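Derivation of every value follows stated rules applied to the coordinates shown; laboratory data play no part. Keep in mind that this is a model prediction, so the values were computed, not measured. When we count neighbours, we look across all protein chains shown, and the Cβ atoms used for this are built from the backbone with ideal geometry, even at glycine.
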Amino acid sequence: MRSQSAKYLIGKEKNGCEHGSAMIEFILFAIVLFVPLSLGMADTSNYFSALMASQSAAREAARGYSLSPSGSLGLINAQRIALTVLGDSGIHYHNFKLGISCSRNPCLSPGGSVTATVDLNMDFRSFSRAIHVEEVEPVDVWVGAR
């Protein structure tokens, strides 16, 4: 007479039924599917966070430039503001470039507009992406030409 423990052989009963193998297959499938999916979602979330931070940096740089007393001081202010906004957002970037262009000459003429362009590169776990953002800010009409 055989003992009861001889009835089970590595997940199978003597009659060929499999107990617990569906759960093991599900766990293996879940690991293979959900780990890359969750990493991809995290990278996508980080990309959109970096995009929003870049838009804020460009918008605030354009505002800082348009409110500056002169064009040369405006460039310094815009650069500092953009770097501060990007630093406060906590994103890690490289190859940062800030460009300023104006719709009128001289640049801070009343009624004109200032366009700030932010370019930077981001490296994520699953991809690398270049971000290019432009924001336009009007120069105040009621202030004299600077």
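What shape does the range 23-112 take by its C-alpha gyration tensor, where a ≥ b ≥ c are the square roots of the eigenvalues and a/c under 1.5 counts as rounded, a/b above b/c as prolate, and the rest as oblate? Spell out each step's value before the answer.
Numbers: a/c = 5.33, a/b = 3.98, b/c = 1.34.
Prolate, because a/c is 1.5 or more and a/b exceeds b/c.
Rounded, prolate or oblate: pick one for the range 66-127, where a ≥ b ≥ c are the square roots of the eigenvalues of its C-alpha gyration tensor, a/c under 1.5 means rounded, and failing that, prolate if a/b is larger than b/c, else oblate. It comes out prolate by the Cα gyration axes. FRET efficiency for the MET23 to ASN46 pair, using the beta carbon distance and R₀ = 25 Å, is estimated at 0.15. Taking Cα centre as origin and charging only the Cβ of basic (Lys, Arg, +1) and acidic (Asp, Glu, -1) residues, the dipole magnitude of the range 19-124 rounds to 580 debye.
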